[in-house]
Amino acid sequence: MPSICRSIYQGKIIDVNIETAHLPDGQSVELEVVRHPGGAAVVALDSADNVCLLRQYRHAADGWLWELPAGKLEDGEAPRLTAERELAEEAGLSARVWTSLGLLMSSPGVFTETIHLFLARRLTEVRRHPEPHELIEVHWVPLAEALEWAHSGRIVDGKSLVGLCRAEALINRSATAPL
């Protein structure tokens, strides 16, 4: 467990520290670490295998990105509850069937953020209520087309790329599994 040497910044979402890390080979080094509570992202598929993608404005990316519905874990909130909350807030959807697609570490060299990925099916519409600072358009894209966007570079968001590819792999495994 690293000991915190110095807090550089404490914000609403992240903390930035310089930490002393004790490595497995016995070395001690100082590292810059961005601490983030983690998040959840959702591959929401309708009965025709269309996926819900958000076209969202991201200031840090200098423009609009294609993304899965996703958001930050709140204090004490289980990842699945985060996924359910964000799917409703951003996309106006709820799901009756949930499957874990595993974890993603966004940039483990400097960030502690772990994103929990989920596949959501058997969708129903609910009231959408994005955060005031979010500029979001909700789109439905055939999963095959969304995967083409992922492979071509039209989708560049890491959690969305991994979520789409893992959902495709799970669906393909299910389709070829013996009855």
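The values are calculated or read from the model by the stated rules, or taken from the named source; none is laboratory data. All values derive from a computational prediction rather than experimental measurement. Virtual Cβ from ideal backbone geometry, glycine too; neighbours counted across all protein chains shown. Areas reflect the complete protein model, heavy atoms only, side chains present, ligands, DNA and RNA absent. Shrake-Rupley method; radii C 1.70, N 1.55, O 1.52, S 1.80 Å.
If only residues of the stretch 82-124 that are touching a residue at least 12 places away in the same chain (Cβ under 8 Å) and of a type in the set (S, T, N, Q) are counted, the one that is least open to solvent (accessible area, probe 1.4 Å) is 82.
Residue 141 meets each of the listed conditions (1) open to solvent by 50 Å² or more (accessible area, probe 1.4 Å); (2) under 23 Å from residue 88 (Cβ atoms) apart from (1). Restricting the stretch 42-70 to residues that are under 21 Å from residue 82 (Cα atoms) and without any contact (Cβ under 8 Å) to a residue 60 or more places away in the chain, the residue that is most open to solvent (accessible area, probe 1.4 Å) is 58.
Conditions tested, residue by residue: (1) open to solvent by less than 90 Å² (accessible area, probe 1.4 Å); (2) more than 15 Å from residue 44 (Cα to Cα); (3) of a type in the set (Ser, Thr, Tyr).
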{"position": "126", "(1), (2), (3)": "yes, no, no"}
{"position": "129", "(1), (2), (3)": "yes, yes, no"}
{"position": "132", "(1), (2), (3)": "no, yes, no"}
{"position": "135", "(1), (2), (3)": "no, yes, no"}
{"position": "147", "(1), (2), (3)": "yes, no, no"}
{"position": "153", "(1), (2), (3)": "yes, yes, no"}
{"position": "162", "(1), (2), (3)": "yes, no, no"}
{"position": "177", "(1), (2), (3)": "yes, yes, no"}
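Look at residue 118 and say whether it is among the aromatic types (Phe, Trp, Tyr), within 18 Å of residue 49 (Cβ to Cβ) and touching a strand residue (DSSP E or B) at 6+ places or on another chain (Cβ under 8 Å). Yes, satisfied. Filtering 4, 14 for residues that are over 15 Å from the mean Cα position of the chain (by Cα), β-branched (Val, Ile, Thr), modelled with pLDDT under 95 and more than 22 Å from residue 147 (Cβ to Cβ) leaves a single hit, 4.
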